[in-house]
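Beneath this line is the structure, given in structure tokens, with notes to follow.
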Amino acid sequence: MAALRRKFGEDYQVVNTNRATTFSAPVKKKRQRFVDKNGRCNVQHGNLGGETSRYLSDLFTTLVDLKWRWNLLIFILTYTIAWLVMASMWWIIAYIRGDLNHGHDSSYTPCVANVYNFPSAFLFFIETEATIGYGYRYITEKCPEGIILFLFQSLLGSIVDAFLIGCMFIKMSQPKKRAETLMFSQDAVISQRDGKLCLMFRVGNLRNSHMVSAQIRCKLIKSRQTPEGEFLPLDQCELDVGFGTGADQLFLVSPLTICHEINPKSPFFDLSQRSLMNEQFEIVVILEGIVETTGMTCQARTSYTEDEVLWGHRFLPVMSLEEGFFRVDYSQFHSTFEVPTPAYSVKEYEEKNSLPSPLSTPTPALTESHGARRDRVFSVDCINTSEERGRQGGTGGRLPSKLQRMSSSGKEDLQRKVLLLSSQHSEKACSTGDLPLKLQRLSSSPGPEAENRLQLKSLKVGLEPMTQSTGDLYQHSLPPTLSPALGPMHSPLLSAGGRPEDNLPPKLRKMNADR
């Protein structure tokens with residue numbers, strides 16, 4: 001217990017769910033179960049009318065399904081009646097031939113030697129049927145009717161033996177008793193596993209022999225009413241215990257905890273701890289497998305009502321590692337302990353998370369990055385928009401033909417250059433891409449002296465500071481009369497008339513030539 005508390009914390013409390021223990025819980029009226037804890041179904045068929053003859057058409061299965069007391073009674077009565085009937089037939093043959101009057105006459109040859117009354121005829125039949133063969137009573141060759149009766153007796157005896165002995169053998173070898181060594185936990189629990197609310201119960205195998213191809217299924221038995229008003233008593237609904245993932249296929253060599261995830265497809269999607277007290281349902285668990293020793297299919301069943309589902313509990317571990325093997329402590333098989341579990345349903349939890357939070361505001365870092373990107377990127381769509389505005393309603397009306405040719409010839413070069421400049425990471429690189437080579441080299445060199453020289457050069461050329469964007473450089477380099485009409489794409493630096501260095505002042509062109 002101390003090791004468990006060190007592992008799970010001091011807040012957890014072990015709860016023994018054994019029904020023999022007393023606890024101060026409110027007494028609730030016991031309701032009728034659909035399936036008992038031992039797997040017996042509480043269903044009786046009545047008012048069959050003329051359908052009872054169907055049981056006689058499958059007589060062998062009817063005898064196997066009977067209780068043991070009726071099987072033993074039928075077994076004894078069948079052999080007793082068969083022996084009496086056959087003994088009576090042997091006595092009748094002796095009576096008709098007159099063998100009873102010459103029982104002690106040595107010169108007379110009877111049908112059956114030493115049969116002169118009914119007890120002797122009965123003993124002869126028992127000796128023949130059981131193949132005891134004492135040798136004192138036997139059939140002679142002077143009795144053809146006795147030979148025919150002997151053949152009939154042999155055939156009838158074989159049929160009766162095969163029917164009754166086979167029925168008793170099947171009755172004894174039924175795998176129902178194998179289900180007695182398959183255990184289910186007395187209670188089911190609801191708690192979180194892997195961050196999801198789950199319904200769980202435990203199964204175990206008491207024998208060392210395995211259950212081959214063990215598979216488990218769960219059914220929810222609950223009455224409901226359809227939207228059309230139809231009432232469905234004891235409606236059956238399938239509970240997913242891992243059918244899609246293969247978790248329903250069990251390797252049952254040690255106790256396993258079966259888990260049903262409560263999700264939107266589960267019938268317990270809107271089940272909370274409060275609503276569990278007012279619900280009425282029954283969970284039927286069916287465990288099927290092949291008995292390893294006999295090869296027969298075995299099925300074990302149990303059920304859990306709403307009173308046997310514990311909210312906020314988890315099963316106590318029963319596996320421990322010993323020296324050379326694993327040990328299973330079945331004394332803690334039914335024990336659970338409390339764990340922190342949300343009291344609301346999965347539906348309420350999802351609805352709560354789907355509501356937008358009023359405190360959710362954009363992150364400043366994201367806002368700053370988006371603003372910087374918006375300042376750096378010069379979209380080509382803006383160029384097209386400025387061109388359309390210049391065409392439609394500019395201050396100067398239509399442009400002169402020479403400027404239109406310059407605009408059309410430099411449009412593609414401008415788009416490629418703007419896209420190239422917008423892909424750069426720093427704002428400084430974007431703003432100095434079209435400066436002379438001498439100024440680019442000065443801007444890349446560190447130190448305050450380089451910055452002062454760069455500012456002087458930019459003042460001489462009439463350019464803006466390097467922190468401005470490429471679009472602003474284009475706009476400020478245009479004449480004031482053409483800037484509103486042409487837009488940023490009609491810069492003289494990018495016209496088709498020649499290189500950008502040709503439009504610079506003579507002193508800057510000389511500096512580039514010297515370099």
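The values are calculated or read from the model by the stated rules, or taken from the named source; none is laboratory data. Being a predicted model, the structure only gives us computed values, none of them experimental. Glycine gets a Cβ as well: all are built from the backbone with ideal geometry, and neighbour counts include every protein chain shown. To get the accessible areas, we keep the full protein, side chains included, count just its heavy atoms, and leave off ligands, DNA and RNA. Shrake-Rupley method; radii C 1.70, N 1.55, O 1.52, S 1.80 Å.
Segment 285-340 holds strands (runs of 3 or more DSSP E) entirely within its bounds, and those carrying 1 or more residues that are within 24 Å of Gln32 (Cβ to Cβ) map to 297-305, 309-311. Restricting segment 83-118 to residues that are in a helix (DSSP H, G or I) and of a type in the set (Phe, Trp, Tyr) leaves a set whose member that is surrounded by the most Cβ atoms within 10 Å (Cβ to Cβ) is Trp90.
For segment 248-269, give me the residue count where each residue is within 11 Å of the chain's Cα centre (by Cα) and either in a strand (DSSP E or B) or surrounded by 16 or more Cβ atoms within 10 Å (Cβ to Cβ) (or both).
Initial filter on segment 248-269 (within 11 Å of the chain's Cα centre (by Cα)): 248, 258-263, 265-266.
Filter again for either in a strand (DSSP E or B) or surrounded by 16 or more Cβ atoms within 10 Å (Cβ to Cβ) (or both), leaving 248, 258-262, 266.
Qualifying residue count, segment 248-269: 7.
Residues in segment 140-150 that are open to solvent by 50 Å² or more (accessible area, probe 1.4 Å) and at pLDDT 85 or above: Pro144, Glu145, Ile147, Ile148, Phe150.
Within segment 319-340, can you find the residues that are small (Gly, Ala, Ser) and either open to solvent by 80 Å² or more (accessible area, probe 1.4 Å) or without any contact (Cβ under 8 Å) to a residue 40 or more places away in the chain (or both)? Steps first, answer last, please.
Going through segment 319-340, the residues small (Gly, Ala, Ser) turn out to be 320, 324, 331, 335.
Passing the criteria: Ser320, Gly324, Ser331.
The single condition among (1) loosely packed, with under 13 Cβ neighbours inside 10 Å; (2) outside any helix (DSSP H, G or I); (3) more than 21 Å from the chain's Cα centre (by Cα) that Arg274 does not satisfy is (2). Please verify whether segment 83-92 includes one or more residues that are under 60 Å from the mean Cα position of the chain (by Cα), aliphatic (A, V, I, L, M) and under 30 Å from Met172 (Cα atoms). No, there is no match, as no residue in segment 83-92 is under 60 Å from the mean Cα position of the chain (by Cα), aliphatic (A, V, I, L, M) and under 30 Å from Met172 (Cα atoms). Could you please let me know if Tyr136 is farther than 30 Å from Glu350 by Cβ, open to solvent by 60 Å² or more (accessible area, probe 1.4 Å) and in contact with a His (Cβ under 9 Å, 6 or more places away or on another chain)? Spelling it out, it is not the case that Tyr136 is farther than 30 Å from Glu350 by Cβ, open to solvent by 60 Å² or more (accessible area, probe 1.4 Å) and in contact with a His (Cβ under 9 Å, 6 or more places away or on another chain). Of the strands (runs of 3 or more DSSP E) lying entirely inside segment 159-217, none contains at least 2 residues that are out of contact with any helix residue (DSSP H, G or I) (no Cβ under 7 Å at 6 or more places or on another chain) and either closer than 22 Å to Val64 by Cβ or modelled with pLDDT under 90 (or both). Of all the residues in segment 218-231, those that are of a type in the set (S, T, N, Q) and not in a loop (DSSP other than H, G, I, E, B) number 2.
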